[in-house]
Amino acid sequence: MTLTTTHLMALTPVILLFATAVTVMLGIAWRRQHAVIATVSVLGLNLALLSMALVWQMRGIESPLLVFDGLTVFASILILVATLACATLAHAFLEGYPGPREEFYLLMLCAAAGGIVLVASRHLASLFFGLELLSMPLYGMLAYTFRDRLSLEAGIKYLLLSAGATAFLLFGMALLYAESGRLDLAGLSLALGDSSGAWALAGAGLIIVGLGFKLSLAPFHLWTPDVYEGAPGPAVTFLASASKVAVFVVLWRLVMVAPVFDAAILHNVLAGLAMVTILVGNLLALVQTNLKRLLGYSSVAHFGYLLVALVINDGLSSETAGVYLLTYLITTLGAFGVVTLLSSPYSGQDASALHHYRGLFWRRPYLAAVLTVSLLSLAGIPFTAGFIGKFYIIAQGVEASRWWLVGAIILGSAIGLYYYLRVMVALYLVEPGMRRRDATNDWGLRAGGLVVLGLALLVIVLGIYPSPMIEWVKLVVSGS
Amino acid sequence: MMLPWIILIPFIGGLLCWQADRWGDKAPRWIALITMSLVLLITLVLWLDGDYHLPTLTVDSGAVRWAIEWRRAWIPRFGIDVHLALDGLSLVLIALTGFLGTLAVVCSWKEISHRVGFFHLNLLWILGGVIGVFLAIDLFLFFFFWEMMLVPMYFLIALWGHSGSEGRTRIRAAIKFFIYTQASGLLMLVSILGLVFAHHAATGVYSFSYGDLLNTRLSPELAFWLMMGFFIAFAVKLPVVPLHGWLPDAHAQAPTAGSVDLAGILLKTAAYGMLRFALPLFPDASALFAPVAMALGLVGIVYGAILACGQQDIKRLIAYTSISHMGVVLIGIYSGSALALQGVVLLMVAHAFSAAGLFIISGQVYERLYTRDMNRMGGLWGRLGSLPGFSLFFVAASLGMPGTANFAGEFMILFGTFPVAPVTVMIATTGMVLAAIYSLLLMQRVYYGPTRGEVRLGGLDTREFVMMMVVLVLVLLFGLYPQPLLDVTGATMDEIQKLFSVALSHAPATLLTGVVQ
């Protein structure tokens, strides 16, 4: 099969991203100008986002390696929006960074392109390529402020453990190949059929381990808190939003397409993973005194909830996963956006200890309100988008009568409330004599501030009037 | 068109209060006062204008009729509407919310001195949420408001509360309150969804509408578990005894306005939920469960009363009396007799007044003595102007003295329940004796006995006096002539009673064994 013009058209977003990356690289080589580089990156990302409309027009196109269906479009849009938010936040953050600032955008653009390749992959080779293209720049981003010991530690930790997970992934792919002789997903599912042998099962299990590491599902979550704590704000924001969305979508596609992932044993394993992840994430978050670590554990728990949507693979499944992913994304971007803004411009370690946030409401009322809304949304309280996501997950659990999973979700939510509330109330308490890190005075007028305010508004609007979101997800993901 | 406005006015007023903070402390208070008066006024106009004698639920035709109804599509995907409706029961409770809301604003006029705007934002949003609960008859919307009103209440306790003794900080109390109520609320969400999917399986249509779900056919087992989800959520809020852990702390640590709202209206949302949803949606399962519920009510009466006798903190004492009184309400709800159900409404209103009165008084005592510990009071009679007199009145009302609305309510409940469950009523009556004991203990330890100082403390100012006087008059009015109240809610309660008694009559042991197996 040769590459035709239509294929190239469908690849426009990726091509645009790489073109932007090259432009940025040449720009850096020629003259370092932070503002210009940031503008070019944002411009490129916006163009890529616009070109998604083009891809949507010609959805259903397949090349041997990539597929451009509704799910691809949906996930790509989420990744691009998250990257845009991160780029905007990074600009405010890096203003104060003494070292080279511009390469951060280069890494981020490459990672975003990797994410899009990953979500579009229909072949294990492109899956691996996308995953590595997403991860490699991330190591650099996480260790970007490498003079800070914690940031360097975060980068190296992620690198080492990621390498281990990649080994699992590759071994799993090899086993699948040994069993079936195919690497494309369609061929795999054909060759393996319903009679999945022990090797195929083992292969699928190892792939789940590899992806579970990136999603920080318990018990593969051990890297999460340290990386979240140590890495600079914009990098963590990217890791928590775009990267996780991309990896989750590929797992979603595997479960959807390949029957071997739907085998009863793996199903039970996934259900067990979901329950363990929900409980471990929530329980460990209870004892954190650092907001970034806490959000790290909370993201562990949230991917546990999301896994429930995959475990119960029925009519409502894709809609549920889509809606939850969307609400999780905007909420997480909002929460990490506030953390990043408070640590901007860069001056050493991020302001992430809980005492940095004491009494924030009386100094920066709107910023504290944004964080409150984000936390309420993470906790799934009505009037926020998070509630709609949680509603979907519970609805799906009830519809399929999976009472153990429903019980785990309820228990997890109840535990979760405790730590979200603890952070929330700290925002409103005044304790004199605290060491204060603060956002700049004009944060609300700068791009990063506007993005964060917009996200909070979106969380509330989607919480009160979710119909457009539901319709959109239904249209794009389930194609109805 | 009136109904959405009743909900929106407090929300908008709250935002205005927050923004008005920049013009000083006075502005938010006045805005809040005007907002709540407006709500009260609208409900009174609706009360006078409307006709609430229509039966809302009709067993035969299955159709549901309301005095006023307002409906717009919200989330068509699941058949969720913004569906508000008013009948006699919700009208009375909204009027109560409006009145106690006004009272809460007035009683915190001097108590709250910092972050006034934000305080009133939270206060008004609680009231808006409560009104939403009373008006929503789409189950999704009901749940939405039910959970939403917890957030501002949480802030009210956590930020403006009083920290008690060691280990009883206001933040702990607030978190306890939130987790208890939110987690139990999720159980209700599961039940709602279970009901909706059962309806979907039967008809192929998603609907969260009360009218549609009312006649869903359920297997006895499923109905029982779904009913339990609703019951537990309401039982936490009411509270019913094994699930009451949050209440004493939340009450004791909350600011006065918060306690008034908690005891006056938030507890009533639970009784309302049982009357509106738990009983009509699952009449058979509820009939089956009635003996257990009544036993729980009985435990609540005695347990609350005994623990009240042993309290040192004046607000904790009042909180435990609430548990006791709500036990009576629970018995009344599950008795299935028309008279008792009427009594439930009356007692709910009466308890709202008397508990609010007592909480306001303890707030006023606190403002003068800076303690709520009864060991450090005593001999206050004659040192506080007319405050002790009011105390005596509200204590008498709380113990159910004839002439007060509390007496009429309790009497109707016990009298109505007697033919159904004579033993229960006989044991419940001991609660009245215990009520006399804790009431007298309260009076004795706070106002009589040796004085601890000769300084004359400030008496009541005009604001406080008028506030107490209005509540006193209302308690007497409904005690001596409760008929207007009973007329308005009569039709609604009759229908609930009919539904429930049909179920009671054919809920023999066969159903029970079906569930046990």
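Just a few scattered comments:
- Residue in region B:218-240 that is part of a loop (DSSP other than H, G, I, E, B), surrounded by fewer than 24 Cβ atoms within 10 Å (Cβ to Cβ) and in contact (Cβ under 8 Å) with a residue 60 or more places away in the chain present: yes
- Qualifying residue in region A:178-196 (condition: closer than 23 Å to A:Leu283 by Cα and of a type in the set (Lys, Arg)): no
- Listed by first and then second residue, the pairs linking a residue in region A:402-427 that is within 16 Å of A:Leu360 (Cα to Cα) and within 9 Å of chain B (Cβ to nearest Cβ) to a residue that is of a type in the set (Phe, Trp, Tyr) and crowded, with 22+ Cβ neighbours inside 10 Å, with Cβ atoms under 9 Å apart and 6 or more places separating them unless they lie on different chains, are A:Leu421/B:Tyr154; A:Leu421/B:Phe178; A:Met424/B:Tyr154; A:Met424/B:Phe155; A:Val425/B:Tyr154; A:Val425/B:Phe155.
- A:Ala379 vs. criteria surrounded by 22 or more Cβ atoms within 10 Å (Cβ to Cβ), within 11 Å of chain B (Cβ to nearest Cβ) and small (Gly, Ala, Ser): yes
- Residue count for region A:462-478 satisfying the condition of being touching a residue at least 60 places away in the same chain (Cβ under 8 Å), surrounded by fewer than 17 Cβ atoms within 10 Å (Cβ to Cβ) and more than 16 Å from A:Ile77 (Cα to Cα): 1.
- Qualifying residue in region B:66-74 (condition: at pLDDT 85 or above, of a type in the set (A, V, I, L, M, F, W, C) and assigned to a helix (DSSP H, G or I)): no
- Some residue of region B:107-123 being within 14 Å of chain A (Cβ to nearest Cβ) and among the aliphatic types (A, V, I, L, M): yes
- In this entry, B:Met468 passes the filter for residues that are closer than 27 Å to B:Leu369 by Cα, within 22 Å of the chain's Cα centre (by Cα) and at pLDDT 80 or above.
- Conditions (1) touching a Pro at 6+ places or on another chain (Cβ under 8 Å); (2) surrounded by fewer than 24 Cβ atoms within 10 Å (Cβ to Cβ): number failed by A:Glu102: (1)
- Hits in region A:27-52 - residues which are farther than 24 Å from A:Gly96 by Cβ and surrounded by 18 or more Cβ atoms within 10 Å (Cβ to Cβ): A:Gly44, A:Ala48, A:Leu49, A:Ser51, A:Met52
- Options B:Met412, B:Met432, B:Met401; residue that is within 22 Å of the chain's Cα centre (by Cα) and not in a helix (DSSP H, G or I): B:Met401
- Check on B:Ile42, under 18 Å from B:Ile131 (Cα atoms) and at pLDDT 85 or above: yes
- Identity of the residue in region B:454-486, assigned to a loop (DSSP other than H, G, I, E, B) and without any contact (Cβ under 8 Å) to a residue 12 or more places away in the chain, that ends up nearest to B:Gln364 (Cα to Cα): B:Asp461
- Taking region A:92-143 as the range and being part of a loop (DSSP other than H, G, I, E, B) and either closer than 18 Å to A:Val245 by Cα or aromatic (Phe, Trp, Tyr) (or both) as the test, the residues that pass are A:Tyr97, A:Arg122.
- Within the option set A:Ile37, A:Ile28, being touching a Lys or Arg at 6+ places or on another chain (Cβ under 9 Å) and closer than 16 Å to A:Cys110 by Cβ holds for one residue only, A:Ile37.
- Selection within region B:84-104 - crowded, with 24+ Cβ neighbours inside 10 Å, at pLDDT below 90 and in a strand (DSSP E or B): B:Leu86
- Of the helices (runs of 4 or more DSSP H) lying entirely inside region A:311-415, those carrying at least 2 residues that are under 19 Å from A:Tyr428 (Cα atoms) and not β-branched (Val, Ile, Thr) are A:317-342, A:360-363, A:365-379.
- Boolean, B:Ala271 is under 18 Å from B:Thr97 (Cα atoms) and touching a Cys at 6+ places or on another chain (Cβ under 7 Å): no
- Of all residues in region B:365-394, those that are in a helix (DSSP H, G or I) and more than 19 Å from the chain's Cα centre (by Cα) total 15.
The values are calculated or read from the model by the stated rules, or taken from the named source; none is laboratory data. This structure is a prediction, so every number in the text was calculated from the model and none was measured. When we count neighbours, we look across all protein chains shown, and the Cβ atoms used for this are built from the backbone with ideal geometry, even at glycine.
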